[in-house]
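Each reported figure results from applying straightforward, stated rules to the coordinates on display, with no laboratory input. Keep in mind it's a predicted model, so treat the numbers as computed, not measured. All Cβ positions, glycine included, derive from the backbone under ideal geometry; neighbour counts span all protein chains shown.
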Amino acid sequence: MEARLTFVLLLGSIVLTTGKAMNSVIDLDAYFDNVDGNSQERVVGGYDVPADEYVPYQISMQFLTRNGKMRHFCGGSLIAPNRVLTAAHCVNGQNASRISVVAGIRDLEDTSGYRSQVQSYEMNANYEELVTSDIAILKIDPPFEMDGKRVSPIDVSSNELVGADQEVLLSGWGSVFHFGTGPFAKYPTVLQKLSYKTLDNGKCKETMTQLTDTEICALERFGKGACNGDSGGPLVMANGESLKQVGVVSYGTAFCASNSPDVYTRVSMFDAWIKERMA
Ligand SMILES: *[C@@H]1O[C@H](CO)[C@@H](O)[C@H](O)[C@H]1NC(C)=O
């Protein structure tokens, strides 16, 4: 079997996959000990969310470091006042009491956002890294107050299959440039948006050979796509006048936005699983 470099879109952790991979646990203490004071990472080739505009369902997941700092490490989406949807690889093996979530900001340095504490998380029982079911739900407390502008949930209640060539929108604070913490990485703090299109699963599987039906792909030309730190964040599309979430950022190839598809967990496949965990 060909060894391919696949990449969980989190903080530069590279996983070499030959067949079935173990679900890896990222050592966030070691990561944040090693990076400088300005290591936020974001979407490649997108654009800043304009000043005074919010992506009201966007969540920043933050880790309480040994130095007592709260650092962004994954995205998420608000699906109810007290529930956040994210990727399983963002929480796998992590201590919930060191994770909080922030809503109502477009700039990570904006201190006027709202913070809530993760009480517990549940990963999908079928989660297999880089293979399937990279999805998790966080219970948070206190619940966020919905103000309709800065903080508002996203609809995830659909089991409709989303096909190819649909316009979708990714948002996140992941790297704006290739490859994590290298000398070329750029780490501004304003939320990025990127519009691109879904790709047929069969086509996607030509490159991402481990792809399953529980996933959905999106692709843009070279230089656009998801990157480190976008993990767990939302991919949404229009649904009449409003929006619905169709994907959770899961993984890509080792070099972000290098003309290979981004792989998302296909939210519609987990409709029942999510519903059962909303109460
Ligand atoms: C989880 O983190 C909390 C707060 O930092 C700490 O008190 C607790 O001992 C940690 N639990 C484990 C199992 O590491």
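Structural descriptor for segment 56-152: relative contact order 30 percent, calculated from alpha carbon pairs under 8 angstrom and at least 6 residues apart. Holding the Cα-Cα limit at 25 Å, pick out from Lys139/Lys244; Lys139/Lys197; Lys149/Lys244; Lys69/Lys139; Lys244/Lys275 the pairs that are longer than that. Cα-Cα > 25 Å for Lys139/Lys197; rest within.
State to the nearest 20 debye the size of the charge dipole of segment 56-152 about its Cα centre, where the only charges are +1 on K and R beta carbons and -1 on D and E beta carbons. Please report the intermediate quantities before stating the final value.
Values: 10 positive and 10 negative charges, 61 e Å.
That gives segment 56-152 a dipole magnitude of about 300 debye.
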